[in-house]
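Derivation of every value follows stated rules applied to the coordinates shown; laboratory data play no part. Since the structure is predicted, the reported quantities are computational estimates derived from the model, not experimental observations. Neighbour counts are summed over all protein chains in view; Cβ atoms, including those assigned to glycine, are modelled from backbone coordinates with ideal geometry.
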Amino acid sequence: MHILVTGGAGYIGSHTCLELLNAGCTVTVVDNLLNSSRVAISRVEELCGKRINFIKLDLLDIDGLRQVFAQHLDVRAVIHFAGLKAVGESVEQPLRYYQNNLIGTLNLCQVMAEHRVKHIVFSSSATVYGTPETLPILENFPTSTTNPYGSTKLMIERILQDVHISDPGWQVVLLRYFNPVGAHPSGYIGEDPSGIPNNLMPYITQVAAGKLMELRVFGNDYPTVDGTGVRDYLHVVDLAKGHVRALEYTQKQPGVFIYNLGTGMGSSVLEMVHTFMEVNKINIPYRIDPRRPGDIAACYADPSLALRELGWKTEYGLREMCRDAWNWQKNNPDGYPEFE
Ligand code: NAD
Ligand code: UFG
């Protein structure tokens, strides 16, 4: 089956391309390389010995997108990763986030409809649950958002649901990721954030590498096991496999499908730091700082629907996440090279 992957050169996209190729799919990637490297695509190809059809294109270029679909008439489904994803940046540049994420998605859906490609898997986020009243989080919990990035996710979910209402032949899959971390165990592909990382795991690995002095732990007065924030971290390879399962399961049945992809287990910041130190035998200096504005105390999934319907559950634990994140950082201290 031929799958079009938007944002396939990025962190989650590159790992998913590898799983798709391993599952026997043909893969075309469309990415503007705004937050990624062409080298990620070559490395995926090397890892599995198969080719990816890579097209450098911005989703805002609807005519370019039309050409892609016209040249690849056998595309059966789209996995839509392309988007901007930094919460803080979205507060500073809301118009850019709405423009890129919403218009990019509208263009994509428009061209898919023109070509009668009606199967889409969308990268949503646990951020659509806002501040949950109880834990673990189920898919039918109320949704709300606190920043423009989260709002784009929720708006896109609604747009896709409306597309399905207008034409019930569509298969719409909304995957709500919890906190993806780690890297492929080969250490060959991984997360390559530009500038100082916002997220916990890449920050820890850069402290471990000596590129950053110390970790700032944002708050130790939350009502959690040790006062630090609790999240549901999942290995990016498990997450990538979730996309393949979701595509397979929804292949023959139209509808809107929503799944939480997480482990179902919450871990605190300090649990993460201590596991990283123990597994990799490296000290991570840290200090306690005030809470980060907008953060919630705890967030973890009830992933049982994904298990029941997709037969998907995570296989890697926190130790493997820490091992593989460090393995990637160690082997690629400056991320992907410009050329290879
Ligand atoms: P990423 O930045 O590594 O990948 C996104 C890719 O999309 C990049 O390669 C970027 O160049 C590309 N892109 C952005 N705008 C584009 C456009 N207009 N046209 C073409 N390409 C464009 O991010 P990621 O971590 O791999 O995340 C993938 C998706 O999953 C995103 O939609 C993100 O919001 C979502 N998500 C990520 C997380 C996380 O913690 N990483 C959590 C929940 C949801
Ligand atoms: N944290 C620190 N120090 C840091 C970075 C993070 O203590 O330097 C703490 C945070 O306060 C939080 C936890 O580590 O308690 C995780 O923070 P991340 O920034 O790694 O992840 P978030 O849960 O805040 O957000 C991530 C993505 C969002 C996405 C959300 C749910 O950044 O885009 O997961 O999927 F919406």
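The residue that is farthest from ligand 1 (Cβ to nearest atom), counting only those in segment 224-262 that are closer than 12 Å to Tyr177 by Cβ, among the aliphatic types (A, V, I, L, M) and not in a strand (DSSP E or B), is Ala246. Within segment 78-97, residues that are more than 12 Å from Lys153 (Cα to Cα) and of a type in the set (D, E, K, R) reach partners that are within 11 Å of ligand 2 (Cβ to nearest atom) and part of a helix (DSSP H, G or I) with beta carbons closer than 9 Å, at six or more positions or on different chains, in the pairs Glu89/Tyr149; Arg96/Glu89; Arg96/Ser90. Of all residues in segment 234-245, those that are closer than 21 Å to Arg323 by Cα have Cβ atoms under 7 Å from Cβ atoms of residues that are in a helix (DSSP H, G or I) and among the β-branched types (Val, Ile, Thr), 6 or more apart or on another chain, in Val236/Ile12; Leu239/Ile12; Ala240/Ile12; Ala240/Thr16. Scanning segment 1-43 for residues that are surrounded by 20 or more Cβ atoms within 10 Å (Cβ to Cβ), more than 14 Å from ligand 1 (Cβ to nearest atom) and either under 18 Å from Asp238 (Cβ atoms) or under 13 Å from the mean Cα position of the chain (by Cα) (or both) yields Leu20, Leu21.
Does Gly242 satisfy the criteria of being under 30 Å from Gly24 (Cα atoms) and surrounded by 19 or more Cβ atoms within 10 Å (Cβ to Cβ)? Criteria met by Gly242.
The conditions of being among the polar types (S, T, N, Q), part of a helix (DSSP H, G or I) and within 16 Å of ligand 2 (Cβ to nearest atom) are not met by Ser123.
Identify the residue in segment 258-286 that is more than 14 Å from ligand 2 (Cβ to nearest atom) and either among the basic types (Lys, Arg) or closer than 30 Å to Glu157 by Cα (or both) and, among all such residues, is surrounded by the fewest Cβ atoms within 10 Å (Cβ to Cβ).
As a first pass, look at segment 258-286 and keep what is more than 14 Å from ligand 2 (Cβ to nearest atom): 258, 264-265, 277-283.
Checking which are either among the basic types (Lys, Arg) or closer than 30 Å to Glu157 by Cα (or both) leaves us with 258, 264-265, 281.
Values: Ile258: 18, Gly264: 19, Met265: 18, Lys281: 8.
Once the filter is applied, the top-ranked residue is Lys281.
Of the listed requirements (1) without any contact (Cβ under 8 Å) to a residue 60 or more places away in the chain; (2) assigned to a loop (DSSP other than H, G, I, E, B); (3) under 27 Å from Arg231 (Cα atoms), Arg116 misses just one: (3).
The set of residues in segment 94-106 that are more than 14 Å from Asp31 (Cα to Cα) and not basic (Lys, Arg) comprises Pro94, Leu95, Tyr97, Tyr98, Gln99, Leu102, Ile103, Leu106.
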